[in-house]
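The structure under discussion appears below in the form of structure tokens.
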Amino acid sequence: MTIDHYFSIFVPMTHKNSLARLALFIVVGLILGGIMSEALGALFGELGVLLNAGGYDNSVHKVFTTAAEFSIGFPNNGGPIIIDLYLVKFALGFGFKLNLLSGFGMLIAIYIMKWSGER
């Protein structure tokens, strides 16, 4: 079985719906959902200050801005791993920050991809 078979549960893989297209839609959905989450978190934080509802760090603000962070190559509270070869220096690291609306944005993007293909 190929990897396309496992993703065909969500989106039927055809010549229009390739695995690369699915990955693109997922990444775009995660990015747009993260941006929406940060914007709504800032909005509700400011509303909390204006309405005396717990200040900037109120519970609604925390729902939108709390994220699970995963990183590879970043030591605790430091920068990326640096490999110094005297002539060339490499900095290695990769990180994810997933929150509530980024997951929601990913699901919407997959749904849009599913129905945006040829009929």
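The chymotrypsin sites (Phe, Trp or Tyr not before Pro) of region 19-101 that meet both conditions, a loop assignment by DSSP and at most 11 other Cβ atoms within 10 Å of the site Cβ, are Y86. Label sites at I81 and K97, each approximated as a point 7 angstrom past Cα along Cα to Cβ, lie 2.3 nm apart. Annotation: for a label point projected 7 angstrom from Cα along Cα→Cβ of K62, residues of region 30-44 with backbone N closer than 16 Å are 41-42, 44.
Every number here is computed from the coordinates shown, using simple stated rules; none is lab data. For clarity, every value in this text was computed on a predicted model and none was experimentally measured. Cβ atoms come from the backbone with ideal geometry, glycine included; neighbour counts cover every protein chain shown.
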